[in-house]
Amino acid sequence: MAPSEATRADAEPTRPVRLGDADVFAGVALSDAAGWNQTADDWAFFARHGVAIGRRTARSELVATAAVLPYGPLAWISMVLVDREWRHRGLASDLLREALAHLGERRLTPVLDATPAGQAVYERLGFWPGFGFCRWAGEAGRHPAPVVDSAVRPARGDDEGALTTLDRNASGLTRGLLLRDLLARRGTRTWLWAGDGGPSAFVIAREGRRAWQIGPLVAPTSAQAQALLQTALAELDGPVFIDVPDAHTALRAWLGAQGFTVQRPFVRMARAPALPDCVTQPSAPLFAVAGPEFG
């Protein structure tokens, strides 16, 4: 930090704010500066369906944020961001404590996905680690379509209920509002595996600031997961991120063979006497999470 930046940050106070629709693009500016992939649609979802908090300067500049999303008895913490000039002043810790107090009042179990650097910080706040996953980065539009039968098809509007149920059973999270929002976004692409009994697997690809974000990917078998992912990679174009639990070694090996590389690892964590099942280990059908911001 340059001396002028330190002087500015040390001399200028901040005030707490609750973020709403009017703050969406200020949030995008923060996450974009950090190199993250969130869009205005993501920030709008936090503001409308969760609790998004922040700190503003006397000049109304948004310099720090955090967000929580309720998922039944759990709540997801994410979007903990601090402007580069305002780091090392305790703003992130203050926002985390505020978020934890809010969840404590509502008796919701806090859950989050942490980077290795963040894990130590969260452990000091009482979080315990669960399973790990990695963000894989690659390119779509360079892959041949899979040779499969007609069971793979694009999702339709009347598939929402079935996909929500599949997601809940695989992720252990009650987040129908999130699935509805993702499916309704302009640009979202969704494919499913439809058998005689209805959909049994699906994958969602949504637009991000830097890359397509693929996930969740839910399937009963590795072969179906790979077929859905290969369909998505054949029909999309451009950079792609996908967050795959470490336990799915076959899919990880397949991604490596397609030219994907690990961008960064994450660990799922919870602040609870007994870790929820969705934290201790991924269910077998959960081949890709929705992203560290959504779980």
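Here is how the number arises for the chain: DSSP H runs of 4 or more residues each give -39500 (n - 2.57), the sum is divided by the residue count, and the result at 222 nm is -10000 deg cm²/dmol.
Model label points for Val121 and Asp237, set 7 angstrom from Cα along the Cα-to-Cβ axis, are 3.9 nm apart.
Give me the percent relative contact order of the range 133-288, please, defined on Cα pairs under 8 angstrom at least 6 residues apart. It would help to have the intermediate numbers written out before the result.
Working: 274 pairs, mean separation 56.9, N = 156.
Relative contact order of the range 133-288: 36 percent.
The relative contact order of the range 166-258 comes to 20 percent, based on Cα pairs under 8 Å that sit 6 or more residues apart. Listing Arg264, Arg189 from fewest to most neighbouring C-beta atoms within 10 Å gives Arg264, Arg189. Rounded, prolate or oblate for the range 133-288? Axes are the square roots of the Cα gyration tensor eigenvalues, ordered a ≥ b ≥ c, and the cut-off for rounded is a/c under 1.5. Cα axes put the range 133-288 in the rounded bin. So what's the chain giving for Rg/Rh, alpha carbon basis, Kirkwood Rh from the mean inverse pair distance? Checking Rg against Rh, the ratio lands at 0.98. Less than 5 angstrom separates the built amide H of Glu12 from none of the residues sequence-distant by 5 or more or on a different chain. In the chain, Cα pairs under 8 Å separated by at least six residues give a relative contact order of 22 percent.
To make sure I understand, if each residue's beta carbon is the centre and we count other beta carbons within 10 Å, what order do Ile53, Ile214 fall in, fewest to most? Don't skip to the answer; put the middle values down first.
On the way: Ile53 21, Ile214 28.
Placing the least packed residue first, the sequence is Ile53, Ile214.
Restriction of the trypsin sites (Lys or Arg not before Pro) in the range 97-170 to DSSP coil positions whose beta-carbon has at most 13 other beta-carbons within 10 angstrom yields Arg106, Arg107, Arg142, Arg156.
Coordinate-derived values only; no laboratory data. Given the structure is predicted, the values throughout are model-derived calculations rather than measurements. Don't worry about glycine lacking a Cβ; one is built from the backbone with ideal geometry, like all the others, and counts go over all protein chains shown.
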